[in-house]
Structure formats: C-alpha cells, structure tokens
Amino acid sequence: HFGYDSGYELSDRQERKKRDMTPPQRMAKLEDKSMYRTGFLGQEADFINYEAIVSTSDDQFAITPGYIQKDWIENGRHYYHYKMDVPIFNFFAFLSGKYEVLKENYKGINIEVYYHPTHNKNVEIMQKAVEKSLDYYKQEFSPYQYRQVRIIEFPRYASFAQSFSNTIPYSEDIGFIADLRDEDNIDWVSFVTAHEMGHQWWGHQVTPANVQGSAVLSESLSEYSAYLVMEQLYGEHHLRKFLKYEMDRYLRRRSGEILEEMPLMRAENQTYIHYPKGGVVMYSLKDRLGEKKFNSALRMFLEEFQYKSDPYPTTLDLIRHIKAVASSDDMKFIDDMFAKITLFDLKTKKATATKLANGNYQVELTIEADKYYADGKGEESKDVVDDYFDIGIFSSDPDKAKDDSHVLKFDKEFVKTGENTFSFEVKELPKFAGIDPYIKMIDR
Ligand SMILES: [Zn+2]
C-alpha cells in the first residue's frame, strides 16, 4: 500500500474522545451502492492467490495461512514455504514460536492446536469445539473450504482471537491459560473457538461490503453460530447464562454511546451492537422461525454470495433471505429487530402456587409487558405488544441447571401490552416462574 491508510486510525469512539480526537469517520451508508464493490477488510484487493516464504529462528516454527510445501535451514534461519490452493481474502497473519502441537485428523480435516508446552490445560477443549463447529457448520451452512484448521497460541500482549484462512491466532489470556475449573462459569474457551470457526464461513466464505451493518454479516452470524455450538455442547438451558451476559453487555454499553445508537442493520463498528445484540437477535429469529428454516435462510444467503466480490453482500441481502422463509406474521418482528431499536419491558409481577387434591400445583402468573422503540439518542416511544413469548416454570434455579429436569412448563403464550394473567397446572412444586426466562428478547 502506498499513501495514507485510514484503516490504521484509532477507531474506537471512546478511546478517541479520551485523547481529544474528533469522532471517527462515519461508515458509508447501507444504501451507498458505490461501496458494494469494496470488501469490509480493505480496498486493496478482493480474493487473492496466496503463497508465502517465511523465515524465523532455527528453533522456531513459523505459521501463515496455506499449507506447508517444504521447510529448510539456510544461514542459521528456518524457512517455511506456504501455499493456499484456493483463493482467500486479502487478509493474513504470521506467527512464530517454539510450540507443542496437538494433532488429529477429524473426518478428513487436520485439526492442529499449537501451544506453549506448559499451557496444555484447555487444548482438548479447543479441539472438541473445533470438531463440533465443523460438524455443525458443514451440516447447516456449507462445506469447509480448507483441509486444515490451526489454532495458534500467542502471548497476552493482547486478549483476542482472530480468524484467518485455516489459521486462528488465539491469545493465551482468553484461551490457553483460562481457568475453567468452576463449572458454573461460562465456557468461554469453547465459545471463542466456535466463534472464530464461524468466521471461516462468515467473513471468509461470505465477505460483507464495507457499508453500515457489515459486522452483522461477519460478527453477529459468527456469534449466532457459536451459540448453536454451545447449545450442542451444553444444552439449551445453559445458554441462559450466556444470553443474560450478552444482554447486559448490550444494555450497559448502549447507555454509554456518545454519538448515535444505530439499528442492527446499520451498526457502524459498534461492538456492543454487532456482538451481543446481533447474536441475541439471530438467536431469537432462530427460535421464532425454527432452526431449520432460519438456517436455510442463512444457507441461501451464503450460496448467493459465497466468494463473491461483485457485489459484496449487505444486511439488506441477509434480511431479504430471512424474509423469504418467514410468514407474514413475522415481518414486523424482523423489522423491529433489524431496522429499529426495539426494547421490551417484560416483568413477572406475581407468581403463586397452590397444591391441588390430585397432587399437582396450580400456578397463577401475572405478567406485565411493554415495548418501546428508541431513537439514536435514546428517546423512547411506546408500541403495542401482541406476540408470543416463552413462559417458563421451573422446580429449581434455571441458572444452576445442568439438564432439563427442572423444567415444569416451557411454552410460548400470547402476551399483549399491559397486565396478562395466566393459570397453569404443573406436576411439582415450582420455585421459579416467569416470562422469557432464556432471555431471547432484548429486555431493558
Ligand atoms: Zn469475530
């Protein structure tokens, strides 16, 4: 690259404000078709043929995307020749270190985890999450485009993981030395692994146009994909902890927005929107439309734009595919989720249980529901609630659940604005009851 590259500017609004810098350049508008030929990772190139020769200290192993062709020692340096056999996006990394490696051939794909010799506690958890991700994403979305997946540890100068073609650098901090001994904690190691695996599809097979909402196509869809892997690993009830955390993250950060909160489809590199809100919205759409149907929309979106750069897709394309599989009853909800900033206010006002002569319990529930639309500055206006929501009754704390044995009732019921009363008969003494217990709705 020659000249000024705005990609290296400090882009975080808060960080810029701290340094008395002007707010970052706003993103191109979603409707700006002149940007549909520019991918979100830069304007330098589209898909490229990738080949690299990397040298490092003679006792180290060097890694970059592609498959190793050969390696040799020359003048005390260790050389590695890598080549990728399919076009990749113009996006790559180099790593080098003295690694131990966990290797496995899983259904024809080489899974390799490179780690510091003493940081071996979580490598099998990562391996398992890669397996589950491959199984699920291949089945639901499309084939995996490479013959190999490599996760590579790097020191905690930074705390992130990132997905390059067949190559996932992963900070020791959030993965290799993370403490997962307390089973009540969220298994972030599997989650981050599944999220980065998601990018091999969302980001590397489908690359968004560099306009508002681009991160929804890469980050929200990877976040959603990772939820599904977590569901496979731990069950639906476990996701409650997760979604609760995500929702808190969104609600806390939106109150700190200094410029303008955007609706999901127009998010402008606002991490609190495209990660937690985006993931929750995709998950609630899956819940509403059904997993098969929602994933088929994602699959058709992927099919239309796989490895395409003329044009790159936008959130308008994703929404078009979701609406194509939805019924007319779902349209308002889809617009509420993508085109508006929608907040529910769902409260369980009263819950009582009375023992019946037949040994069952009669549960009376009073629920209050409201819905608001917020504008970019947080001003709210009221809208009516008239939709179906989960109502759950549990025999023990759903936060502590290891399986579904505590679920006495879990179904969707019609809820309208204001006070709603329900009456149910359940088989055991209930301890917890409420609306939307798994937190699939954005609830302020
Ligand atoms: Zn990501």
Working only within region 234-250, note down all residues that are acidic (Asp, Glu) and closer than 14 Å to Met282 by Cα. Glu246
Report whether or not Lys400 is of a type outside the set (Gly, Ala, Ser) and out of contact with any strand residue (DSSP E or B) (no Cβ under 7 Å at 6 or more places or on another chain). yes
Report those strands (runs of 3 or more DSSP E) wholly inside region 344-444 carrying at least 3 residues which are surrounded by 15 or more Cβ atoms within 10 Å (Cβ to Cβ). 361-374, 386-394, 407-416, 418-426, 432-435
Checked pairs for region 216-233, first open to solvent by 10 Å² or more (accessible area, probe 1.4 Å), second of a type in the set (Phe, Trp, Tyr) and within 15 Å of the ligand (Cβ to nearest atom), C-beta under 6 Å and 6 or more apart or across chains, list as Glu219/Tyr275
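Collect the residues in region 152-175 that are among the β-branched types (Val, Ile, Thr) and closer than 14 Å to Phe92 by Cα, keeping them in residue-number order. First the steps, then the outcome.
First, the residues of region 152-175 that are among the β-branched types (Val, Ile, Thr): 152, 167-168, 174.
If the condition is that a residue be among the β-branched types (Val, Ile, Thr) and closer than 14 Å to Phe92 by Cα, then Ile152, Thr167, Ile168 are the ones that fit.
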Matching residues in region 140-181 - criterion: being under 18 Å from the mean Cα position of the chain (by Cα) and open to solvent by 30 Å² or more (accessible area, probe 1.4 Å): Ser159, Phe160, Gln162, Ile174
List pairs: first residue in region 115-134 and within 14 Å of Leu233 (Cα to Cα), second residue open to solvent by 40 Å² or more (accessible area, probe 1.4 Å) and modelled with pLDDT under 95 anywhere in the structure, Cβ distance under 9 angstrom, at least six positions apart or on different chains. Ile125/Leu180; Lys128/Leu233; Ala129/Leu233; Lys132/Gln232; Lys132/Leu233
Within region 261-272, does at least one residue satisfy the condition of being within 16 Å of the ligand (Cβ to nearest atom), assigned by TED's automatic domain parsing to the domain that holds Lys332 and on the phi > 0 side of the Ramachandran plot? yes
Which numbered condition in (1) more than 17 Å from Tyr114 (Cα to Cα); (2) exposed (fewer than 14 other Cβ atoms within 10 Å of the Cβ) is the only one that Asp59 fails? (1)
Counted residues, region 121-159 - those being at pLDDT 95 or above, assigned to a loop (DSSP other than H, G, I, E, B) and touching a strand residue (DSSP E or B) at 6+ places or on another chain (Cβ under 7 Å): 2
Would you mind finding the one in Ser222, Ser214 that is within 11 Å of the ligand (Cβ to nearest atom) and either in contact with an Asp or Glu (Cβ under 7 Å, 6 or more places away or on another chain) or closer than 30 Å to Asp32 by Cα (or both)? Ser222
Identify all residues within region 244-264 that are surrounded by fewer than 21 Cβ atoms within 10 Å (Cβ to Cβ), of a type in the set (A, V, I, L, M) and assigned to a helix (DSSP H, G or I); write none if there are none. Met247, Leu251
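The values are calculated or read from the model by the stated rules, or taken from the named source; none is laboratory data. All values reported here derive from a predicted model rather than from experimental measurement. Positions of Cβ are generated from backbone atoms using ideal geometry, with glycine treated the same way; all protein chains shown enter the neighbour counts. In case anyone asks, the SASA skips ligands and DNA or RNA and just uses the protein heavy atoms, side chains included. Shrake-Rupley method; radii C 1.70, N 1.55, O 1.52, S 1.80 Å.
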